[in-house]
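For reference, the structure is listed below as structure tokens.
The values are calculated or read from the model by the stated rules, or taken from the named source; none is laboratory data. Because the structure is a prediction, the values reported are computed rather than measured. Cβ: placed from backbone, ideal geometry, glycine included. Neighbour counts: every protein chain shown. The protein model used for the area step is the full one, side chains on, heavy atoms only, and it has no ligands, DNA or RNA in it. Shrake-Rupley method; radii C 1.70, N 1.55, O 1.52, S 1.80 Å.
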Amino acid sequence: MAVASRVRWFPRRSSSVADDAGVRFDPADFDPALRTRLLILQATPFCNIDCDYCYLPDRDSTARMSIATMRRAAERLRDDGLAGPELTVVWHAGEPLAMPRGFYDEAIAALHEVLGARCEVTHSIQTNATLIDDAWCASIKRHGIRIGISVDGPASLHDAHRRTRDGRGTHARVLRGMALLREHGIPFHAIAVVTPATFAQADAFLDFFELHGVRELGCNYDEAEGPHERSSLAGHEAEHAAFVERLLERCADGSTSVRVRELAFARDAIARQQPRQRWREEHWPDNAQTLPFALITVAHNGDFGTYSPELLGQPSPEYGNFVLGNVTTQGYLDSARTERFGRLWSAVRRGVQTCERDCAYFGYCGGGAPANKLYENGDLASGETLYCRTMIQRPFDAVLARLERDQAAARRAREPELQP
Ligand code: SF4
């Protein structure tokens, strides 16, 4: 924590942290202008496997999004003026490849028809890779879809959690999918769910990704979310710190070419000041998860929400399961006039104020992830979580401490009289 005390870039302000749910929402109050960056579309809630840490409540349902609903989701974006020059569409919240391939041919064409002239749309699929075959590879290539693979490292780590409904490990099928992508020359990144078992195998973990051609790796931690009520990381934070240190050491000594997302974010944040977002007289570091409609999630049936995508559909009497409306009957900005949105927006803003008041990392993080605040602390308006410490604070501390050590060593090399 000694390092953390030096990384506060913006003066802490005292905040009333008052409930202001009655404040009128006006998109014109935001600077830069409010734009949707990520549109997360749930083609289907169904997943063909059954990971034990999954937060999706309806992963047995084979319901599908219709092209008409998907088109409406895009039209609402266009008509509300939320589509900027660039948009990333992420097909997620279920296994996207459980849909017929033809769905994406139609969906991508329809999105281009609605938004094409106005914005450059990048498509991205996060998949468990078990359904990838040559035909999918051809389709992925044809549409230039960015692929993220959900894989937890070596088989012993992966198969402990990522299993089929009848309890069989999926690692071999994932490796087959990754090999096919490589054969077809399709680049992909990976996202791994890290548990305490991973901490003891940092080198084997990293070597796995190196061996299988992954150059970008995101470490998601086993989080308490939705029906997955408790993170296995609780009580293992010292091991997590050692794990982060080891990953950083490997990245720094050149023994791996894998870029670890959290460490790269930290390095970027230290190297340059974060952009800021202004709302009326308030301003805070840019963070899509705390900015209304910067990130919109649309469920297969057209229900939509904003802020953390994990919120949509999770049981909450107070926030109506985080469903703000349905694209078939209502625009995104129309929903901002509802009492439910007012309450949600107020709670998220108060959460940002709590972070600004209490957290040394606020200038880097901008108020974190509302979903984690809710699931860990029971309150969207709260501050620090286990997620903060694993995803944000420790990587930041580790990277900053290493930079300081490297700088001190470089100074000593230049000026030998500084040698201790
Ligand atoms: S979300 Fe967590 S890390 Fe981010 S500013 Fe808030 S308390 Fe700090």
- The answer for the net charge of residues other than Asn321 whose Cβ lies under 14 angstrom from its Cβ, with Lys and Arg +1 and Asp and Glu -1, is -2
- Antiparallel %, DSSP beta bridges [both residues in the chain], to 5: 30 percent
- What do the square roots of 5 times the Cα gyration tensor eigenvalues come to for segment 62-203, in whole Å, largest first, as semi-axes of the equivalent ellipsoid? 31, 16, 15
- Note on the structure: Largest first and rounded to whole Å, the semi-axes √(5λ) derived from the alpha carbon gyration tensor of segment 209-359 read 34, 20, 17
- Probe 1.4 Å, all protein chains in place: accessible area of Asp20 in Å², nearest 10? 50 Å²
- Query: Which ³J(HN,Hα) values in Hz, rounded to whole numbers, follow from the phi angles of segment 49-57 under the Karplus curve 6.51 cos²θ - 1.76 cosθ + 1.60, where θ = phi - 60° and Gly and Pro get x?
  - Reply: 10, 9, 5, 6, 9, 5, 9, 6, x
- Message: I need the P(r) histogram for the chain: all alpha carbon pairs, bin width 10 Å from 0 out to the longest distance, whole percents.
- Response: 4, 20, 30, 28, 13, 3, 1, 0
- Item | Residue with peak Gaussian network fluctuation, the chain [Cα springs, cutoff 10 Å], from Gly331, Gly305, Gly235 | Gly235
- Query: Accessible area per residue of segment 302-407 at 1.4 Å probe, in Å²?
  - Reply: 33 Å²
- Query: How high is the relative contact order of segment 29-337, in percent, with contacts defined as C-alpha pairs under 8 Å that are six or more residues apart?
  - Reply: 22 percent
- Message: Explain nothing, just the number: dipole magnitude of segment 29-337 about its Cα centre with +1 on each Lys and Arg Cβ and -1 on each Asp and Glu Cβ, in debye rounded to the nearest 20.
- Response: 800 debye
- Near Glu86, within a Cβ-to-Cβ distance under 11 Å, what is the net charge of the other residues, with Lys and Arg +1 and Asp and Glu -1? +2
- Note, segment 152-161: 3J(HN,Hα) by Karplus (6.51, -1.76, 1.60, θ = phi - 60°), whole Hz, Gly/Pro = x, goes 9, x, x, 3, 4, 6, 5, 6, 5, 10
- Item | Apportionment of accessible area to carbon and sulfur, the chain, percent (1.4 Å) | 49 percent
- Compute, for Asp105, the solvent-accessible surface of its heavy atoms (probe 1.4 Å) with the complete set of protein chains present, and express it in square angstrom to the nearest 10. 60 Å²
- Message: Run the Debye formula on the Cα coordinates of segment 299-420, all scatterers equal and no solvent, and tell me log10 I(q)/I(0) at q = 0.10, 0.11, 0.12, 0.22 1/Å.
- Response: -0.45, -0.51, -0.57, -1.17
- Please work out how much accessible surface Arg101 shows to a 1.4 Å probe, ignoring ligands, DNA and RNA, in Å² rounded to 10. 100 Å²
- By accessible area of protein heavy atoms, probe 1.4 Å, what ranking do Glu113, Glu356, Glu404 get, highest first? Glu113, Glu404, Glu356
- Using θ = phi - 60° and the Karplus curve 6.51 cos²θ - 1.76 cosθ + 1.60, what whole-Hz ³J(HN,Hα) does each residue of segment 336-341 get, with Gly and Pro shown as x? 6, 8, 7, 5, 4, 4
- Note on the structure: Farthest towards the positive end of the dipole of the chain, among Cys47, Ala98, Ala68 and with Cβ unit charges of +1 on Lys and Arg and -1 on Asp and Glu, lies the Cα of Ala68
